[in-house]
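Structure first, commentary second.
The values are calculated or read from the model by the stated rules, or taken from the named source; none is laboratory data. Predicted model only: the values in this text are computed from it and were never measured. Here the Cβ positions follow ideal geometry from the backbone for every residue, glycine too, while neighbour counts run over all protein chains shown. Surface accessibility is based on the protein's heavy atoms, side chains included, excluding ligands, DNA and RNA. Shrake-Rupley method; radii C 1.70, N 1.55, O 1.52, S 1.80 Å.
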Amino acid sequence: MYGLFTALVVGLLCASMSGQSSAPTVLRADHVVVLKKERKLELLNQGRVIKTYKVALGGDPVGPKARQGDHKTPEGAYVLDFRNAHSQFYKSIHISYPSDRDRAVARRNGVSPGGDVFVHGLPNGYGAIGGAAHRLNDWTDGCVAVTNEELDEIWRAVPDGTQIEIRP
């Protein structure tokens, strides 16, 4: 009986120690894709999807952003070019919208293309919402929103200068 008990204790200790010794996986992305229709943001490394997040988009998400204030999330190829750890949201990573093409289209239409498009967390003071609750409706002014915890993971995985492709 004593030998069985000792074997059980040793087995439990080994199992708990092996769980503690494994280091957390560090994601490294070299490309980001947003699929607007599916409400997904994908991190890719060498063409392989390594992580997927559900997102909230601009309040009128169908179609590309055409002008300032249209509440649409842009579509096209951009760069995640800088980050802000002290934004009005938990944290934010800037998307290089508008491109030269976006500016030309807006100029032809006699409107401002807008700007200040980010991948960001929740508004400051609303972090407790978390989870799927913030994705019940598209609520941003044209940005791509994830939970604060998800943004921390994206923040670590995606260096400045990473390409982001936003698809319909």
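Here is how the numbers come out for the structure above:
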item: Given (1) under 16 Å from the mean Cα position of the chain (by Cα); (2) in contact (Cβ under 8 Å) with a residue 60 or more places away in the chain; (3) not in a strand (DSSP E or B), number of the condition Glu38 does not satisfy; result: (2)
item: Close pairs from the range 114-125: first at positive phi, partner assigned to a strand (DSSP E or B) and open to solvent by less than 40 Å² (accessible area, probe 1.4 Å), Cβ under 9 Å, at least 6 apart; result: Asp116/His94
item: Residue match in the range 56-66 (condition: open to solvent by 60 Å² or more (accessible area, probe 1.4 Å), modelled with pLDDT of 90 or more, closer than 22 Å to Asp100 by Cα and among the charged types (D, E, K, R)); result: no
item: Some residue of the range 43-57 being more than 18 Å from Pro168 (Cα to Cα), polar (S, T, N, Q) and in contact (Cβ under 8 Å) with a residue 24 or more places away in the chain; result: no
item: Qualifying residue in the range 108-118 (condition: among the basic types (Lys, Arg) and within 18 Å of Asp160 (Cα to Cα)); result: no
item: Selection from the range 130-156 of residues that are of a type in the set (A, V, I, L, M, F, W, C), in a helix (DSSP H, G or I), out of contact with any Lys or Arg (no Cβ under 8 Å at 6 or more places or on another chain) and modelled with pLDDT of 95 or more; result: Ile154
item: Those residues of the range 115-151 which are of a type in the set (Gly, Ala, Ser) and out of contact with any Ser or Thr (no Cβ under 6 Å at 6 or more places or on another chain), in sequence order; result: Gly115, Gly121, Gly125, Gly127, Ala128, Gly131, Ala132, Ala133, Ala145
item: Strands (runs of 3 or more DSSP E) wholly inside the range 68-129 containing at least 1 residues that are open to solvent by 30 Å² or more (accessible area, probe 1.4 Å) and not small (Gly, Ala, Ser); result: 76-84, 117-120
